[in-house]
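Remarks on the structure that follows.
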Amino acid sequence: MKRTFTFLFIFAVAIILFSSCAHIQPIEACVTGTKVYGFWNGLWHGMIIGFTFIGSLFDHTIAIYAVHNNGAWYNFGFILGVGGLFGGGFSIRG
């Protein structure tokens, strides 16, 4: 029990330290592009989220989520891509 608590405490401190170095991108720079991302782009971005996350740790120009999107359809595709990648929400055991 004590070992688990120690691990969780060290993990939480590490997350706080690493997230304090996050770079903030002005929203004006993100939405001035001409390409508007839709459902298919959201689906693709959801499916490659693992690779994108690892890349974003080393390169600050890589974003996980496209800010300049068409709204609900992009979000729907993004969630489907992430959910399909990680096996969905439930499983049936027989």
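The values are calculated or read from the model by the stated rules, or taken from the named source; none is laboratory data. All values reported here derive from a predicted model rather than from experimental measurement. Every residue, glycine as well, gets a Cβ built from its backbone with ideal geometry; the counts of neighbours run over all protein chains shown.
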Q. If G42 satisfies every condition in (1) surrounded by 15 or more Cβ atoms within 10 Å (Cβ to Cβ); (2) at pLDDT below 85 but one, which is the exception?
A. (2)
Q: Identify the residue in the stretch 1-39 that is over 20 Å from F76 (Cα atoms) and basic (K, R) and, among all such residues, is modelled with the lowest pLDDT.
A: K2
